[in-house]
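A quick write-up on the structure given underneath.
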Amino acid sequence: MEAVVLPTAKEIRDVVLEWINSKQVNVGLGLPEYDDRSDLWRVSLLAPHNGNIPVGEVKVRGSRVVFSSDVQLIKQRIESTSLVKAKKSTHAISFRPIPSRLILGDAVDVLAEYPPGTAQLIFTSPPYFNAKPECFEYKDYESYLDLLREIFEGCYHVLSEGRFLVVNTSPVLVKRPSRNASSKRIPVPYDLHGILTRIGFDFIDDIIWEKPEGAGWNIGRGRRFAADRQPLQYKAVSVTENVMVYRKETDKLIDWNLRNHPDPDAVRKSCIDGEYEKTNIWKIHPASHKEHPAVFPEALADRVIRYYSFEGDLVLDPFAGTGTTGRVAGNLARRFIMIEKDPAYFALQTGNENLMEHDPQICDHEYFAGAVF
């Protein structure tokens, strides 16, 4: 069977430019993208005064325009965006040479000590809200969300421009207090999404971490339906968690981070070789720890850190727990800052040989406050 030869991006651009000239509309061209489901090329039309604002689209199949946005509508959009000026990058990217650190302290206070551009990736899993009776740490759910808001505002402050925040969360089940009351399932990821976008993070991806079948049976959800099979009693056993990917708001494309990275060799060495996750469903076995109720597996951290950072970057986890993010970051030639407020979990970090072999500085924030550099 003879292989189908697609037109080049330049050929597609030439087709669209000819269409633009025939319509006498003043627009710029976005990057041609091939849509294999529809077997056509899609080209965004951009406002001429600001190459970041789309005002229309042209679709090309072969050497012919098969669809275009209404020309009058395109002109109206150009006019309505005429006051929005394009932002130009006037500075090169530079990263502060902060060494790896393990910090005992409240993330709200610690993050306030660091300047913008400290971290190039933030990967974390916030503590579950009252997932177990013994974890009832917050006055109420709103207080829990307020805490997350404060910490992620600090994360936004220290994250480099255009770089990524990846958050592992899931809805939690608050068990019923008695037989006369119902259990509640709280949609933490969906409430957190609103908080993050209001702070200024752009939503990028919703990755689903899928655990083996049966992994969630221990929480008791679904057992009554399994026994009685009565309608209305059906409750799915959860074997997934959400890995939500956000990018710090910027008008710059990803290519800007690649072209302006201060260490081009690190960019080259960080390319992903061999197999990689092609869909947003990641099948990973869960992890366990006898002294921590909710650790995530190193395999999850490995994927996130390799896909969203370069060698030499600094990876931050404001809810560090046992230090999984730091161990994996160090193994992947990244620097790290692990912040943990619980002295017992912090002791697990400092007592872990795999983490300590990366020679992190050990900091008590209360003692070192004001001198974190």
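Residues in the range 31-50 that are open to solvent by less than 50 Å² (accessible area, probe 1.4 Å), under 25 Å from THR8 (Cβ atoms) and at pLDDT below 85: ASP35 only. Which of the residues spanning the range 329-343 are open to solvent by 10 Å² or more (accessible area, probe 1.4 Å) and either closer than 20 Å to PRO116 by Cβ or assigned to a helix (DSSP H, G or I) (or both)? Matches in the range 329-343: GLY330, ASN331, ARG334, ARG335, PRO343. A search for C-beta distances below 8 Å between a residue of the range 344-362 that is under 9 Å from GLY326 (Cβ atoms) and any residue that is among the aromatic types (Phe, Trp, Tyr) and open to solvent by less than 40 Å² (accessible area, probe 1.4 Å), counting only pairs 6+ apart in sequence or on different chains, returns HIS358/PHE336; PRO360/PHE336. Screening ARG306 against (1) in contact with an Asp or Glu (Cβ under 8 Å, 6 or more places away or on another chain); (2) open to solvent by 40 Å² or more (accessible area, probe 1.4 Å); (3) at pLDDT 95 or above; (4) not hydroxyl-bearing (Ser, Thr, Tyr) leaves a single unmet condition, (1).
No other residue among VAL66, VAL25 is at pLDDT 85 or above, part of a loop (DSSP other than H, G, I, E, B) and open to solvent by less than 60 Å² (accessible area, probe 1.4 Å) apart from VAL25.
The values are calculated or read from the model by the stated rules, or taken from the named source; none is laboratory data. It should be emphasised that the depicted structure is a prediction, and the values quoted were computed from it without experimental measurement. As a convention, Cβ positions derive from the backbone with ideal geometry for all residues, glycine included, and neighbour counts pool all protein chains shown. In case anyone asks, the SASA skips ligands and DNA or RNA and just uses the protein heavy atoms, side chains included. Shrake-Rupley method; radii C 1.70, N 1.55, O 1.52, S 1.80 Å.
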